[in-house]
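Everything below concerns the one structure shown next.
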Amino acid sequence: MTILDVQGISKSFGGLKALTNVSFSVEEGAIFGLMGANGAGKTTLFAVIAGQIKPSGGSVSFRNRTITGKRPDQICRLGISRTFQIVRPFAGISVLDNVIVSALYGAAASNSHAEAREAGIAALEAVGLAGSADKLAGELTLSGQKRLEIARALATGAEMLLLDEVMAGLTPTEVEEMIATLSELRRARNLTFMLVEHVMGALMALSDRILALDHGVPIAIGTPAEIAANPDVLKVYFG
Ligand SMILES: Nc1ncnc2c1ncn2[C@@H]1O[C@H](COP(=O)(O)OP(=O)(O)OP(=O)(O)O)[C@@H](O)[C@H]1O
C-alpha cells in the first residue's frame with residue numbers, strides 16, 4: 001500500500017530550479033533512497049515533504065491525505081519525522097530528556113511524563129543508546145549524536161522517517177552498525193524510511209527503490225541494481 005505519494009513537485013529559489021516536476025510513491029514498510037550530487041535537491045525535497053519549504057507546484061499526500069501546505073508540526077503529528085544533516089540535539093540536557101521532549105511533542109504525544117519517558121527509553125533502546133541515557137547529549141560522539149537524531153524522530157511516534165545523511169562522517173565500522181540498526185528498526189517496527197545518503201554502499205544495501213536526481217530533475221527510479229546499471233545515472237556520476 002502506498003503511504004507517501006509525491007506528484008509533480010517543483011521548487012524554485014529565485015531563478016534556480018532546485019526541483020523540477022518530481023513524482024514518486026513510497027510503499028508502506030519500504031526504504032526509499034534518494035541519490036544525487038551536492039545541490040541535486042535532496043534536502044529541499046525532504047523539506048517540502050516535512051512542510052518546512054512550500055513547493056512552487058505539485059502535491060504531497062501521506063496516507064491518501066494531502067499534506068502540502070500544512071505546517072511542519074502538523075505533518076510531524078500526522079506521522080512524518082525528519083532528521084537533519086547537521087545534528088542539533090539539545091546539547092545541555094541528557095540524552096533521555098532529548099527523546100522525552102520528542103515523545104511529548106509528536107504523533108504519539110502524551111500528557112503523561114511517565115509514558116513519554118517509556119517511549120523515550122524504547123527509542124533509545126532501538127538505536128542502541130540506552131546505556132548513554134544519562135549523558136549530556138553534547139557529550140556523545142558524532143555516531144552517538146546521529147543515533148540520537150534517529151531516536152528523537154522515532155520517539156515522536158512517527159510511522160515514516162526521513163533520514164538526511166545519518167551515515168555522513170561515520171567510520172566504515174560505524175556505517176555497518178548503522179545499516180544493521182536501520183534494518184532491525186524497519187523489521188521490528190514496520191517503519192517506512194526515506195534516506196538521503198552519499199555513502200553509496202549503504203544506500204544500495206538498504207534501499208528497496210532509489211530515485212536519482214540531477215540538478216533537481218528526476219533522471220532514474222528503480223531498484224539499486226537498476227539504478228547502478230542506468231546509463232543516465234552512470235553519465236552523471238562518471239561522465
Ligand atoms: N533556502 C534556499 N535559498 C536559495 N537556494 C537554496 C535554498 N536551499 C537550497 N538552495 C539551493 O537549491 C539547490 C538544491 O539544494 P539542496 O540542499 O536541496 O541539495 P542537496 O541535494 O541536498 O545537496 P547536498 O548533498 O549538498 O546536501 C542548491 O543549488 C542550493 O544551493
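Table for the structure above
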| read-out | value |
| --- | --- |
| Meets criteria (among the β-branched types (Val, Ile, Thr), without any contact (Cβ under 8 Å) to a residue 40 or more places away in the chain and either surrounded by 18 or more Cβ atoms within 10 Å (Cβ to Cβ) or closer than 25 Å to Glu176 by Cβ (or both)) for Thr223 | yes |
| Among residues of the range 57-94, those that are within 16 Å of the ligand (Cβ to nearest atom) and free of Cβ contacts under 8 Å to residues at least 40 places away in the same chain, counted | 3 |
| Residue satisfying all of: in the range 2-28; more than 13 Å from Met160 (Cβ to Cβ) and either exposed (fewer than 15 other Cβ atoms within 10 Å of the Cβ) or of a type in the set (Asp, Glu) (or both); nearest to the chain's Cα centre (by Cα) among these | Ser23 |
| Filter pass, Ala228 being over 25 Å from Ala158 (Cβ atoms) and surrounded by 14 or more Cβ atoms within 10 Å (Cβ to Cβ) | yes |
| Residues satisfying the stated conditions in the range 181-201, i.e. closer than 18 Å to Ser143 by Cα and crowded, with 22+ Cβ neighbours inside 10 Å | Leu182, Leu195, Val196, Glu197 |
| Complete set of residues in the range 120-150 that are touching a Gly at 6+ places or on another chain (Cβ under 7 Å), of a type in the set (A, V, I, L, M, F, W, C) and crowded, with 18+ Cβ neighbours inside 10 Å | Leu129 |
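Here, each number is a calculation from the coordinates, and none is a lab measurement. In this text, all values refer to a predicted model and were calculated from it rather than measured experimentally. Using ideal geometry, Cβ is built from the backbone for each residue, glycine included, and neighbour counts are taken over all protein chains shown.
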